[in-house]
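For reference, the structure is listed below as structure tokens.
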Amino acid sequence: MGYIISVLNNKGGVGKTTTTCNLSDSLGKQGHKVLVVDGDPQSNTSTMLLPSGTQIRKSLYDLFESDTELSFTSGHIYATKCKSVQIIPNINDTASLEPSMISEAPISLLRLRNSLRGFANDNFDYVIIDNPPNMGTFVLCNLYASDFAIVPILAKSSFSVDGLIKAVNLIKDIKEKVNPDLKFLRLLINSVDRRTAISRAITEQVSQVFDQDQIFITQIPISTAFEKAEAGKEPVFKNYATSTGAAAFRELAKELTSIIG
Ligand SMILES: Nc1ncnc2c1ncn2[C@@H]1O[C@H](COP(=O)(O)OP(=O)(O)O)[C@@H](O)[C@H]1O
Ligand SMILES: [Mg+2]
């Protein structure tokens, strides 16, 4: 009960937000209770999942700023457009907290962990945390709070194995020093087009560096549905449920629950 999963890659545009929103939606529709934590001050996940017109008063900002006892009545948890999915949203102002969080480290860096873990365990099956595209303060806070990390990579352009190894090493380092529960779960190969040589080459390249049980069998295809859905500020399931992209996230949710059920 209450597995906390960070979606992590220090590169932008690889599908962290897409994965957070669509995997969460699939898990919710498959009968699981899901909490999304928008760990990126850019707040794209919040925009995508909150019903339009939602007034955000309390958010992740408050959980980073002071010690907080999280509850369904504490004001930090909001309904989303997706069945069985709730969210702790983020706001752009959270970025301005970083200097004071660094000067108050380590206690400030453990606040999310301290407020989230017990609450998640008691009330949710899965908590999915979106992350900003860096390896900075907020990524540390999010990983300190997590049990697992999923690392999406793009199959449509060359990528850095170095970057991936850095992410895996960061996870190992945090596991040793701060959060013994943290495990690298799987790489997720996103934006796959099986017709192209680059997609096949990248799939081949990662399977030479990573073991079979470090890569999701499910791959996410390139699908115009994601961009169209994003333009309408919806996850892909709302209007594009029959797209290949939506089908892939349904499969991914099943694969995930079969691994860490
Ligand atoms: N499989 C895919 N097919 C087509 N477009 C995609 C796919 N995955 C992500 N995108 C698009 O790529 C852009 C970047 O994705 P996003 O999830 O925001 O990346 P990140 O959060 O890692 O910066 C978005 O416009 C998104 O809709
Ligand atoms: Mg993002």
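All of the numbers you see were taken from the coordinates with simple rules; none came from a lab. What you are looking at is a predicted structure, and each value in this text was computed from that prediction instead of being measured. Quick reminder, even Gly has a Cβ in these numbers, built from the backbone with ideal geometry, and neighbours come from all protein chains shown.
Miscellaneous remarks
- Using C-alpha pairs below 8 Å separated by at least 6 residues, the relative contact order for region 3-260 is 25 percent.
- Given charges at Cβ of Lys, Arg, Asp, Glu: region 101-169 dipole, positive-most of Asn123, Leu143, Val161: Val161
- Applied to region 60-75, the Karplus parametrisation 6.51 cos²θ - 1.76 cosθ + 1.60 on θ = phi - 60° returns per-residue 3J(HN,Hα) values of 4, 3, 5, 5, 7, 7, 8, 4, 9, 8, 7, 8, 5, 10, 6, x Hz, with x for Gly and Pro.
- Lys/Arg +1, Asp/Glu -1 at C-beta; region 3-260 dipole; positive extreme among Ile174, Thr224, Ser6: Thr224
- By the helix-only formula, in which each DSSP H run with n ≥ 4 contributes -39500 (n - 2.57) and the sum is divided by residues, the chain has a 222 nm mean residue ellipticity of -12500 deg cm²/dmol.
- In a reduced charge model with +1 at each Lys and Arg Cβ and -1 at each Asp and Glu Cβ, region 3-260 shows a dipole moment near 680 debye about its Cα centre.
- Burial order of peptide ranges 33-41, 174-182, 147-155 (average beta-carbon count within 10 Å, highest first): 33-41, 147-155, 174-182
- Estimated Rh, the chain: Kirkwood, alpha-carbon pairs, angstrom: 18.3
- Bridging of Lys177 to lysines at a Cα separation below 25 Å is possible for Lys11, Lys166, once same-chain residues fewer than 8 apart are set aside.
- Rounded to 5, percent antiparallel among DSSP beta bridges of the chain: 5
- One Cα centroid belongs to region 2-72, the other to region 131-208; the line between them spans 18 Å.
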